[in-house]
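**Student:** I'd like to ask some things about the structure below.
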C-alpha cells in the first residue's frame, strides 16, 4: 500500500510539478519573512529605488548632476539599466519602498526556483537537499536579500549554462545580450564560455593517453576521435556575439565601455581599498570568519572536493566546470567579501553535480566498501555530530539574517532632513554629505539638491585625488586647511550635512564662528558657512 502511494505521489509530482510549487513557496515564505520589517539592509537600496522611479517617468539619464565632484555628473552610465527596468513596475505601488522589498523577495525566490529547475534538468539526485543547503547559508541569505542585481544576474547565469550545455543558441544569445544591460558582472558570461570550452577539451584528453603534441594538435583542429569541441566553440561565439550586441546596441554606448572598464577592472578587480575607504563589501573576508559564517557550505565544499578527487575520471564536465567556479570564487571571496553571493551558490551547484556523478556510477557504494568497518563507524559518528551541530546552528543563522535586516536603515531614513533642504535651499544647491554612503537616501527623498559624492568613493578619487583628500580630512574633523576655505574654494558650497557618527567634525564646526547649525534631528545635522564669498 505504501509503495502504491509513493508511486502515485511521484506520478502526481511529474504531472503537476508539486516539488517546484514547494520550493517556490518555501523560498517566497523565507525571503518574505526576512524582509518583513520597515527597514532596508543597506543604503544602495534607495539609489535603485530612485533610478527605477526615474525610468518609470521616462527619464534615461546620461548625466548625473547629483554627484557634483565625480565624472558621473557629465558622463553617466546606468550599468543596472535592465535591473531598474525590472524594478519599475513595483515602484508604481502606493509605497514604492515596500514595492522594492517585494521585488527583492520575488527575484531571490525566482533564483532559487531556477537553480532547482537546473537540478531537475540534469537529473541531480536529491535536489531538494541541495536547495536546503543554499537556503541555510547565512552570508548568501543576507546578500540575496539586498536590493541588488546579482540575484537576477545569477538566474541569467544558471539558465545560460543550461543553454550552453544544450546548444540552445538563440536563448544563449538573448541572455548574453540582456546581461550586458543588467549588471557589470557580464564578463563572467565570457568566462563561462571559455571555461566550458577548456573543460570539454581537458576532461576529454584526461581520459586518454596522448603526447602533448597530439593534444595541442587536436585542440587546434577542434575534434578528434569523437572529441568534438565545435559545440562549445559555437557556444563561446554566441556568448561573445550576444555580449557585443548588448554593449553596442545600448542606450549608453559608447560611454558604457569606459564605465565598465572602471567598474569591473578598477573597482571590482584592482580595487583602491589600500588608498581610499571603499565600501565594506570590497574588503577581504577572513578565512576563519568565512568558515565560521558558512560552515555548512565549507563542509559541503570540502566533502565534495574529496569525492571529486577520488573519482575525478568519472566526473562529468559539469562537475569540473562548477568545481572551478566554486574554487575561483572562494578565493575571490577571501579578497572581497561581496563575492560570497556567488561562491555559495556555485559551491552548492558543484556539490550537486559531483555527488550525483558518483551516485549514478555506483561510486558511493564503492567508497563505502573501501572504507572498512572501523572507518565507516568513525564516519557515521562524525556525520551525526555534524548534522546535530548544523541543525542547532541553522535557526540561529537564519534569525541572525532577519535581525541584520531588521536593524538596517529605516524606510524614512533622511526623509525629514531631505524635506527641510528642499524647502530651505535653492534648487541645484550642492550639499556636502560627510559620508559618501549617505547619498542614496538623500537622492531618493530629494532630487532637487546636488551632493558632493556617492555610490563609490572611487568615482570622486579618480575625478580629483587632491580634492578627495581635502574632503576626507574635512569629514574626519581635521581639515588640511581652514574648513571655511575648503568649502568655499575647493568644494564650492556653503552647506554641509553630517550624521551623528561624525562627532569630531561636529565639534570642529560648532566651535567656529563662521559655521552655524541650521538644522538638527535624530539622524542628521546641517551646518552653513556664513562667509562664502
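**Student:** Going by average Cβ density within 10 Å per residue, which order do the peptides 351-358, 78-85, 190-197 take, highest to lowest?
**Tutor:** Answer by packing, highest mean first, reads 351-358, 78-85, 190-197.
**Student:** Listing 528, 131, 392 from the residue with the fewest other Cβ atoms within 10 Å to the one with the most, what is the order?
**Tutor:** Neighbour counts put them in this order, fewest first: 392, 528, 131.
**Student:** Right, here's the next one. Can you compute the modelled spin-label distance between residue 478 and residue 324, with each label point 7 Å from Cα toward Cβ, in nm?
**Tutor:** Output for this residue pair reads 4.8 nm.
**Student:** Under the 0.36 nm per residue contour assumption, what length would be gained going from the current alpha-carbon distance of residue 303 and residue 426 to full extension?
**Tutor:** Here the segment from residue 303 to residue 426 would lengthen by 38.1 nm.
**Student:** Residues of the stretch 310-346 with amide nitrogen under 15 Å from the 7 Å Cα-to-Cβ point of residue 291?
**Tutor:** 331, 334
**Student:** Between the stretch 124-161 and the stretch 470-498, what is the C-alpha centre distance in whole Å?
**Tutor:** Between the Cα centre of the stretch 124-161 and that of the stretch 470-498, the gap is 44 Å.
**Student:** Give me the one-decimal nm value for the distance between modelled label points at residue 75 and residue 249, 7 Å along each residue's Cα-to-Cβ direction.
**Tutor:** 2.6
**Student:** If you don't mind, there's one more thing I want to ask. What's the ranking of 514-522, 341-349 by average number of surrounding C-beta atoms within 10 Å, highest first?
**Tutor:** Top to bottom by mean Cβ count within 10 Å: 341-349, 514-522.
**Student:** With a/c under 1.5 counting as rounded, go ahead and sort the stretch 414-533 into rounded, prolate or oblate using the C-alpha gyration tensor (a ≥ b ≥ c being the square roots of the eigenvalues; past the cut-off, prolate if a/b is larger than b/c, else oblate).
**Tutor:** On the way: a/c = 1.40, a/b = 1.10, b/c = 1.27.
Rounded, because the longest to shortest axis ratio a/c is under 1.5.
**Student:** Please sort 443-454, 114-125 by packing, taking for each peptide the average over its residues of neighbouring beta carbons within 10 angstrom, highest first.
**Tutor:** The most tightly packed comes first, giving 443-454, 114-125.
Laboratory data are not the source of any read-out in this text; all were calculated from the coordinates shown. Here the structure is a predicted model, which means the values were calculated and not measured. FYI the Cβ positions are ideal-geometry reconstructions off the backbone, even for glycines, and counts take in every protein chain you see.
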